Amino acid sequence: MHRMTPIAAALVLSLAFCAATVAAAPIELAGVTLQDRAVVADTPLLLNGAGIRYKAVFKVYTAGLYLGAKAGTTEEVLAMPGPKRLTITMLRDIDSSELGRLFSRGMEDNLDRQAFAKLIPGVMRMSQVFSDHKRLKEGDSFVIDWVPGAGTVLTVKGEVQGEPFKEPAFYDALMRIWLGKKPADWKLKEALLGKA
């Protein structure tokens, strides 16, 4: 009977591991299914990490971060070339204008005053987008995509909201809401970075 050499055995094991990695399954968080892959601007992305945003003991929303390759730090996420996606699905009803204000504050908390001042027009526009929606209900979702050459595309309840926010600094500031030095939720930050 033919026996495998140690190198052949290692190769078979590594191929089996790769196949298992490629066939990663969607994950479910608080009844929300997050696919393990996404496509943005014809580019395949992988789910880097996902988690739940808590406010005190209440579950507010799920979030999933999709990137072209795995990243374990905020700096790696922001420096990574190519499209990126953050998906958010509400786990409870929330006043949309309140959410817009929380996002503005989250951006301000993670930037110095001068950097934030440059982004105020974009921040005001984003706040208006959420105000126009009045309420986000449990199960509603929105998506923040970074599309190189176009900018930040905001999609709420399946509809793209106006023109992209063109400045790369605006996208970075948005990501810092969840991944910055003062994130909205430390456990969610760790989860998005694949550490949970």
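The values are calculated or read from the model by the stated rules, or taken from the named source; none is laboratory data. Keep in mind the model is a prediction, meaning the values are calculated, not measured. A quick note on method: Cβ atoms are made from the backbone with ideal geometry, for glycine too, and the neighbour counts reach across all protein chains shown. Just the protein is used for accessible areas: all its heavy atoms, side chains included, with ligands, DNA and RNA removed. Shrake-Rupley method; radii C 1.70, N 1.55, O 1.52, S 1.80 Å.
Anything in the range 88-132 that is in a loop (DSSP other than H, G, I, E, B) and under 24 Å from LYS55 (Cα atoms)? List them, or say none.
LEU91, ARG92, ASP93, ASN110, LEU111
Quick check on the range 165-196: of everything there that is of a type in the set (Asp, Glu) and more than 21 Å from PRO121 (Cα to Cα), which residue is modelled with the lowest pLDDT?
Top of the filtered list is ASP185.
For LEU174, which of the numbered conditions (1) over 13 Å from the mean Cα position of the chain (by Cα); (2) outside any loop (DSSP other than H, G, I, E, B) fails to hold?
(1)
I'm trying to understand the selection: among the residues of the range 133-159, which are within 26 Å of PRO83 (Cβ to Cβ), open to solvent by 70 Å² or more (accessible area, probe 1.4 Å) and part of a strand (DSSP E or B)?
GLU159
Test each condition in (1) at positive phi; (2) without any contact (Cβ under 8 Å) to a residue 40 or more places away in the chain; (3) open to solvent by 10 Å² or more (accessible area, probe 1.4 Å) for ASP112 and report the one that comes out false.
(1)
Here is a check on your reading of the model: is LYS187 more than 15 Å from THR87 (Cα to Cα), part of a helix (DSSP H, G or I) and touching a residue at least 60 places away in the same chain (Cβ under 8 Å)? Talk me through it step by step, then tell me what you get.
Working: more than 15 Å from THR87 (Cα to Cα): yes; part of a helix (DSSP H, G or I): yes; touching a residue at least 60 places away in the same chain (Cβ under 8 Å): yes.
The answer is yes for LYS187.
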